[in-house]
1. Restricting to Cα pairs below 8 Å that are 6+ residues apart, what does the relative contact order work out to for chain A? Please round to a whole percent.
2. Local charge sum around residue B:166 (other residues, Cβ-Cβ under 11 Å, Lys/Arg +1, Asp/Glu -1)?
3. Quote the Stokes-Einstein diffusion coefficient, in whole µm² s⁻¹, for segment B:12-100, based on the Kirkwood radius over alpha carbon pairs, a temperature of 37 °C and a viscosity of 0.692 mPa s.
4. With just the Cα atoms of chain B, tell me how far they stretch along each of the three principal axes, in Å, largest first.
5. Between segment B:23-51 and segment A:58-82, how many Å separate their Cα centres?
6. Provide the descending list of Cα extents for segment B:65-123 along its principal axes, expressed in whole angstroms.
7. Would you look at the GNM of chain B, springs on alpha carbons closer than 10 Å, and say which of B:45, B:94, B:130 moves the most?
8. Could you give the dipole magnitude of segment B:108-179 about its Cα centre, charging the beta-carbon of Lys and Arg +1 and that of Asp and Glu -1, in debye to the nearest 20?
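Please treat every number below as a calculation from the coordinates, not as lab data. None of the values given here were measured: they were computed from a predicted structure. Note that each Cβ is placed from the backbone with ideal geometry, even for glycine, and that neighbours are counted across all protein chains shown.
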Amino acid sequence: MKLGYFPGCSQTGTAIEYDISLKKVVDKLGTSLDEIKDWSCCGATSAHVTNHKLANALAMRNIALAGEQGLDELVAPCAACYNRLVVSQHDTLSRKETKEEIESIIEAKIDKEIKVMNLIELFRKIGYDKITAGKVKDLKNLSVACYYGCLLVRPAGITKFDDPEQPESMEELVKLTGAKTVDWNYKIECCGAGHSLSRRDIVLDLSHKIIEDAKKHGADVMVVACPMCHTNLDMRQRAMKREYPEHNDFPVLYLTELIGLALGMSEKELGIDKHYINYKYKEPAEVKAAV
Amino acid sequence: MSSHVHNHAHTVADEIAEKTFQDVSICYQCGKCSAGCPVRYYMDVAPNKVVRLIQLGFYEEALNSSTPWLCAGCQTCSTRCPQEFDLAKFMDAVREIALEKGVEVKEKHIMDFHKAFLDQIKWFGKSYEVGLTADYKARTLDLLTDVDSAPGLFFKGKLNILPHKIKDKESVRKIFKKTAKK
């Protein structure tokens, strides 16, 4: 099975471990990813908040490239890229005039609609049975808070993928690893997203509340599927500690890393050592000894 | 506060309708959007009130508020609106119109970030984090915040000293040129 891959800019820098773990896990499950040749930035937040035509054109350049490459579907593991690609494609293709205008801006024809998948849809496509079959380590010792953030499930009318208020699809996937999932309140609350550099105070406030709620409900780790969420929730914990002195380190993993652990890969292999907050899975016996 | 009544003129409400394909008058002000907004506490005008200002023709007040800039685009409001009014898209349009009209931006740092980010894409086709941070800091002169994160990122192999460039940079530059505001 060959699937298109739109990595997104973060996967080449601050979220390099997301790229590493995704490729290793997908490979282990017997699928290969076909990267879109010469892909460019989807425009991210900065384009759509300032210029809607620029935003749609930047996203659609990549959709057109995927079409030229003969792809029918692609995965965008970054929730923000996923959201931009899905929404831009919807907005462009739902009106003839918009489609023609965008085609003239990008100087390419958009021949077909490409099915854009987020990370969870990718695993659905690969098949949950493959994860169960490939599992060598049961993570039964772990309580996980599944964090969707805002863009993975929205806008629900276009993504048509999970309930935008009470999503459950990530829990379903995490349970395949043997881990338990916790019920908590902040799984779809925003982390502050693109304000990470320009209004760090807001990001620290929102991200701190998210982590506190996960802890309060008994989670040992949080699992995410977005590089922006990961930056705000992992890298920002040092600044969080200065702002909220009672704050204790809390590990935040990419969903691909958690699945990778269950498939028998090591923390180092999956790039978990690149996080700001260290994490190592402890076997049940080790936990008992520590208590 | 001064109301601007335009009977036949092309109003801001019309411009919003053209950009978003939705009519601002469908909002009946239940306030659900503002109740669920994660950044409401930082805004000077509640999101539903920005809609109300536009409905009533108080365009200047709406365009001058900090609200569209602080909106994180999380779409909680759009998800919950009983009228299915896409408020996040509305905020995008309000911001875009404020820029087109040259309104002074209330949250200057946020706009500086967007300019710096888009510059990287225009030059390289992809976001380049070192360039983005340098560009943003040069614009804001906020030199010290986050300097502590940089060495960590570098040693973890996450900070690329040189940008990843796409091959066909011209195609992206053309997109910027063709969509540039007059």
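1. Across chain A, relative contact order equals 19 percent.
2. Values: positive: A:37, A:61, B:126, B:165, B:167, B:169, B:173; negative: A:38, B:168, B:170.
My count for the surroundings of residue B:166 gives +4.
3. For these conditions, the coefficient is 261 µm²/s.
4. For chain B, the Cα spread along each principal axis is 56, 36, 29 Å.
5. Taking the Cα centre of each part, segment B:23-51 and segment A:58-82 sit 33 Å apart.
6. Per principal axis, max minus min of the Cα coordinates gives 40, 24, 17 Å.
7. Top of the fluctuation ranking is B:130.
8. On the way: 15 positive and 9 negative charges, 104 e Å.
Charge dipole, segment B:108-179, about its Cα centre: 500 debye, nearest 20.
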